[in-house]
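Read the figures in this text as sums done on the coordinates, not as results from a lab. Remember, it's a predicted structure, so these values are computed and weren't measured experimentally. In this analysis, Cβ positions are derived from the backbone assuming ideal geometry, glycine residues included, and neighbour counts consider all displayed protein chains.
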Amino acid sequence: MTRSILLHGLVLAALVALEPVLSEYHHGNLARIMVLAVYAVGYNMLFGYTGLLSLGHAMFFAAGMYGCALLVRLAEWGVGPAFAAGVVCALAAGVVVGFLALRTIGVGFMIVTLMFAEAAHLGILYYNDYTRGDEGFTIPQAIRTVAGLDLSDTTTRYFAALALFAAALIASAAVVQSRTGRVLVAIRENEDRVRMLGFDPFRYKLFALVFSATMAGAAGAAYAVLFGYAGASFAEVQYSILPLLWVLLGGPGTTLGPLLGTVLMFYLIDYASGTIMPGLAALVEAQTGIAAPGLASAWLLMVGLALVLLVLFAPRGLLGVVRARMVPWLP
Amino acid sequence: MTTDTDRRTLLKGAAAIGAVAAGAQLLPGTARYAQAQSSAPIKVGFQVHRTGIGAAYGRWYDRTTKAAASLINEAGGINGRPVEIVAEDDGTDPKRGAEVIEKFANLHECDVAFGTLFSHVVIGSAPRAGELKLPYFVVSEGHHVASGMLNRWTLQPGITDVRSQIQSMAPWISDNLGKKVTMVYPDFAFGHDHRKYFTEAIERLGGEVLEHIAIPPSETSFFKYLPKIPRETEVLYHVMVGPGVLTFVKEMGEYFGDSGPEIFGFIDSLEAVDIASPGLEFLEGSHFWEGYPRYAGEDQSEHDAFYRAAVGVDDNGASLSDPKDVSTYAHMFGCWETLHILKAGMEAADYRGPQDRQALIEAVEAMDVFPESRAHPQGSKLFNGRTHQAFGHQHISRVEGGRLVPVHRTSIFDTVYEDQTDYTKTSF
């Protein structure tokens, strides 16, 4: 336990220490990554620890985002109370969806969550008069303040994102190292045996889903107030797949895997789309005289290749491998 | 609806267009610039839809932008400095769009950001551009700029917006096709803009929309919606987009046969698609809005011929190197024109570096007229510095023999509406 506290403390201290030394570009990226990592931390609780693969988590991210942003836009709430309301919206959505979707297992759970998320996405489009549908809407910079702090200021935004990530990480670490966390892992490994031992798996799975949804909603609400935009694209299926990829890459069932996976995936996409593939296309054109614009846009191929290699050689994710081979106490 | 003040301003602008048009012919090719203090390139961060739903548009926006940059560089660049286009894929995704804006400002150290078409990417990116105080020139045709939703750092001087496009269609439709209209549109923001602005415009002219038929975005078959079209419909106005449009047209043809109403659509549905494609035969005789006519006609201007050759498009609107690669001709001119406006703005502001970004915005806000020229081949435009939005001619074409034949060009006045914001009164 002491080692775990020390490890998480060191990671958070490193994030604090990086703030003044990072270049402007990486500073901005890390703020964004920490918000998205909160989403991944929540997803990891459901998928990594409890073994439930949801394909509809974008609805919870969107519930937080719209629960917050619509109150700012339509009811002129301050961003602080609106953020809290967004989190509550996601929590409530988690309870409702959990009660219904957890009646299914395996592929059925994946399909039911996917369908709920699709309904949520179409609902955002349908109520265009309020949500501005697919276009979305902005939250003006002037009103993105809390207690006199300007959330559009880069330093304030960084520390706001860090505070949220720290809260999510600490909450996640506390849960997984508690009795509840051990039951969740046991459900992942053998749900029937857990039931036989006298636990009610439904209650524990509902807790994991609501925890996960609340984290996703907190990330969505934070994205809206820190970056000033809410849009329906965040409710699309790709935003349900992304946290799965982040967690798979970093290590499902590890507390720090979501952060690592989100960082690596962010920069993999960033460099593959902006540097590696366009550079490769330019090289081909220089060597052969044939323009290869398709190559410049083939960065998704590179991301896909990275994921195939991951599944082949590190199916437990990077930190999963580290735990299996070097640091068995890694939470 | 135009106020008297607006109209006086426009009339002055129109007069100015005539007065300076001849001189403007010289602008792109023969201007000479003062010796720059620095020969370092002016970096233009270009958000491009290389992947995602906007990829077809992105491919042609990319080609057009490169062609415009080459032309500007051949003529001496901007303030004696070459223009360097720094392109990054935004994935047609607003989150990635905002990240790319950050990359332009903080990694590539671009002087300005430029692009892109899809409205949600622009709306998702503009807040970050405003925070970074990075001039953001968009070519989106969305109404989001002029609506006042964005910020002082975001401008749309090179392409007209969807509101003005829609309202300017109403007079011609009312006079030539009919006054009883049924609208079929996708049930999201783009379709809702059409519903709102066209309905208002046709009602002002004494017409009416008999039925609004909203199609859910996930729909793949449209037969069940077609019986909702009232029998007395004189004009069917459709703005379907995405892969479903081909099915929509085919099913519409099977439903109506030879006895349907007049049909009017927006070419957005069929940009980068050959009008003579199998399945589109039913569109023969129907009409389309075009921002810029795809097919070069007999009355082709010298400016269009020059522009068309520069961007590598043949007289049918397809790539010179691949006749099957149809362009997004109705929209992509916006990239060409915007880069020329950027050049004019930087020269007016004597732009030297990022410290002059505010002066650049103020210089563009002070512009009011873009005369038709090689820099503005689509036609003359008026620019409203208060709303950061350009207004220009729109075109209506008829499908004849699998080609789009221009039949009408609107006046700029048909496209103008009252100001909804005044960015010049907001802080930087």
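Hey, can you list the DSSP H helices of chain A whose Cα span along the axis is 20 Å or longer and whose average Kyte-Doolittle score is at least 0.5?
TM-like helix candidates: A:2-18, A:58-74, A:79-101, A:106-126, A:154-176, A:201-227, A:257-271, A:299-313.
From the cross-link list B:LYS43/B:LYS343; B:LYS103/B:LYS425; B:LYS43/B:LYS66; B:LYS133/B:LYS381; B:LYS103/B:LYS343, which pairs have alpha carbons spaced over 19 Å apart?
B:LYS103/B:LYS425; B:LYS133/B:LYS381; B:LYS103/B:LYS343
Could you give the nm distance between label points at A:ALA282 and B:GLU302, where each point is 7 Å from its Cα heading toward the beta carbon?
Each label point lies 7 Å from its Cα, and together they span 3.7 nm.
Under the Kirkwood approximation for Rh and a Cα-based Rg, what ratio Rg/Rh is obtained for chain B?
Working: Rg = 21.0 Å, Rh = 21.9 Å.
Computed over Cα atoms, the ratio is 0.96.
For the range B:285-428, what is the largest minus smallest coordinate of the Cα atoms on each principal axis, given in angstrom and ordered from greatest to least?
So the three principal-axis extents are 53, 35, 22 Å.
Please compute the Kirkwood hydrodynamic radius of the range B:357-404 from all pairs of different C-alpha atoms, in Å with one decimal.
12.8
Between 0 and 90 degrees, rounded to the nearest ten: what's the tilt of helix B:4-24 against the longest Cα principal axis of chain B?
Relative to chain B, helix B:4-24 is tipped by roughly 70 degrees.
Can you list, largest first and rounded to whole Å, the semi-axes you get for the range A:1-89 by taking the square root of 5 times each eigenvalue of its Cα gyration tensor?
27, 22, 13
Could you work out which residue, out of A:VAL41, A:VAL95, A:VAL107, moves most in a Gaussian network model of chain A, that is, has the largest mean-square fluctuation with Cα springs under 10 Å?
So, out of A:VAL41, A:VAL95, A:VAL107, the one fluctuating most is A:VAL107.
What average count of beta carbons from other chains do you get within 10 Å of the Cβ of residues in B:102-111? Display every interim value, and only then the final one.
Working: counts 8, 5, 1, 3, 8, 8, 2, 2, 0, 0.
Mean number of neighbouring Cβ atoms from other chains: 4.
Computed FRET efficiency, Cβ-Cβ of A:ASP150 and B:ASP258, R0 45 Å: what is it to the nearest 0.05?
So, using R0 = 45 Å, E works out to roughly 0.10.
Straight-line reach from A:LYS205: which aspartates and glutamates have a Cα under 14 Å away, not including same-chain ones fewer than 8 places off?
A:GLU189, A:GLU191, A:ASP192
Just rank B:THR410, A:THR2, fewest to most, by other beta-carbon atoms within 10 angstrom.
With the sparsest Cβ surroundings first, the list reads A:THR2, B:THR410.
Rounded, prolate or oblate: which fits the protein assembly as shown when a ≥ b ≥ c are the square roots of the eigenvalues of the alpha-carbon gyration tensor, with rounded for a/c under 1.5 and prolate only if a/b beats b/c?
prolate
Along each principal axis of its Cα atoms, how long is the range A:2-252 end to end? Whole angstroms, biggest number first, please.
Largest first, the range A:2-252 extends 57, 48, 28 Å along its Cα principal axes.
Build a GNM of chain A with springs between Cα atoms under 10 Å: which of A:VAL38, A:VAL88, A:VAL321 gets the top mean-square fluctuation?
Taking springs between Cα atoms under 10 Å, the residue moving most is A:VAL321.
To the nearest Å, what is the center-to-center distance of the range A:145-161 and the range B:107-158, using C-alpha atoms only?
So the two Cα centres are separated by 23 Å.
Report the equivalent ellipsoid semi-axes for the range B:126-209 in whole Å, largest first, defined as the square roots of five times the eigenvalues of the gyration tensor built from alpha carbon atoms.
Rounded to whole Å, the semi-axes are 32, 12, 9.
For A:TYR267 and A:VAL237, what does the FRET efficiency come to when R0 = 25 Å and r is the distance between their Cβ atoms, rounded to the nearest 0.05? Can you show the working numbers first?
On the way: r = 23 Å, r/R0 = 0.94.
Rounded to the nearest 0.05, the efficiency is 0.60.
For A:PHE202 and A:ALA167, what does the FRET efficiency come to when R0 = 25 Å and r is the distance between their Cβ atoms, rounded to the nearest 0.05?
Calculated transfer efficiency: 0.40.
Once you put a point 7 Å from the Cα of B:GLU232 and another 7 Å from the Cα of B:LEU205, both along the Cβ direction, what distance in nm separates them?
Using points 7 Å along Cα→Cβ, the separation is 1.9 nm.
Charges at C-beta only: +1 for Lys and Arg, -1 for Asp and Glu. How large is the resulting dipole of the protein assembly as shown about its Cα centre, in Debye rounded to 20?
So the magnitude is around 2940 debye.
Which of the lysines could a cross-linker bridge to B:LYS324, judged by Cα under 16 Å and excluding same-chain residues fewer than eight apart?
Once the sequence-local lysines are set aside, nothing remains near B:LYS324.
For B:ALA75 and B:GLU281, compute 0.36 nm times the residue count separating them, minus their Cα-Cα distance, and round to one decimal in nm.
69.7 nm
List, in the order given, every pair from B:LYS95/B:LYS228; B:LYS180/B:LYS224; B:LYS179/B:LYS228 whose Cα-Cα distance in the structure shown is over 30 Å. Don't skip to the answer; put the middle values down first.
On the way: B:LYS95/B:LYS228 38 Å; B:LYS180/B:LYS224 21 Å; B:LYS179/B:LYS228 18 Å.
From B:LYS95/B:LYS228; B:LYS180/B:LYS224; B:LYS179/B:LYS228, over 30 Å: B:LYS95/B:LYS228.
Calculate I(q)/I(0) for the range B:164-290 by the Debye formula, one identical point scatterer on each C-alpha and no solvent, and give its log10 at q = 0.17, 0.20 Å⁻¹ to two decimals.
-0.83, -1.21
What is the extension gain from B:THR220 to B:ASP274, computed as 0.36 nm multiplied by their sequence separation minus the C-alpha to C-alpha distance, in nm to one decimal? Write out the running numbers ahead of the final one.
Values: separation 54, 0.36 × 54 = 19.44 nm, distance 2.11 nm.
Between B:THR220 and B:ASP274, full extension yields 17.3 nm more.
State, as an integer percentage, the relative contact order of chain A based on alpha-carbon contacts under 8 Å between residues 6 or more apart.
Relative contact order of chain A: 29 percent.
Identify which of A:ALA58, A:ALA219, A:ALA314 has the largest mean-square fluctuation in a Gaussian network model of chain A, with springs joining Cα atoms closer than 10 Å.
A:ALA314
Say each of B:THR426 and A:PHE313 gets a label point 7 Å from the Cα, pointing the same way as Cα to Cβ; how far apart are those two points in nm?
Reported label-point gap for B:THR426 and A:PHE313 is 4.9 nm.
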